[in-house]
Amino acid sequence: MSQPYFDTGLVLKLLVDEPLSEVFQGWLELRSVPVPYTRLVELEVENTLQAKCFRKEIDARQIRRCQKLIRELLAEGRFFRPELSMEEVLLESLEVMPKVTARTGCRTLDLLHVVSAITLGYDEFVTADKRQAEAARLLELKVSELQ
């Protein structure tokens, strides 16, 4: 079975109870694949947790629990850290951006994730974001959209 790349929004749903959390957990159990936890995903997850705290959606204790869970998931092999050159991702993103963003309106971070999947050699992209899904399709990735 091939390794899919997961949009950060889905990874976050494994850490914080949100709409689609159960759907994504079930999808992962069915596929029995680990979650790539790149530094880009880590940055976006940590930033989102801090933003949720700022908006009073979660507190500092919940952030610490999420961080502990991430460490546990990495130790168990359910999350893993693939080697990824951000320089390569940025250069490739600049290359494909005119084709992709002009047709989809894809945000920068979303494009970086799609290109990360390609750079890692993955052929499947999993997301709940329509624009990001379309960007992945334009770059010839198989897309699994969770809803």
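Before moving on, here are some points about what is shown:
- Boolean, ARG39 is charged (D, E, K, R) and touching a helix residue (DSSP H, G or I) at 6+ places or on another chain (Cβ under 9 Å): yes
- Elements of type helices (runs of 4 or more DSSP H) contained in region 1-70, each with 2 or more residues being more than 16 Å from the chain's Cα centre (by Cα): 21-31, 39-54
- Filter result for THR48 (β-branched (Val, Ile, Thr) and touching a Ser or Thr at 6+ places or on another chain (Cβ under 8 Å)): yes
- Cβ-Cβ contacts under 8 Å between residues 6 or more apart (or on different chains), taken from a first residue in region 85-99 that is closer than 16 Å to LEU120 by Cα to a second residue that is assigned to a helix (DSSP H, G or I) and among the charged types (D, E, K, R), are listed as MET86/ARG39.
- Any hit, region 49-58, residues being in contact with a Cys (Cβ under 7 Å, 6 or more places away or on another chain), more than 27 Å from THR119 (Cβ to Cβ) and of a type in the set (A, V, I, L, M): no
- Test: THR119 is modelled with pLDDT of 95 or more and closer than 15 Å to VAL35 by Cβ: no
The values are calculated or read from the model by the stated rules, or taken from the named source; none is laboratory data. What you are looking at is a predicted structure, and each value in this text was computed from that prediction instead of being measured. Ideal geometry is used to build each Cβ from the backbone, glycine not excepted, and the neighbour counts take in all protein chains shown.
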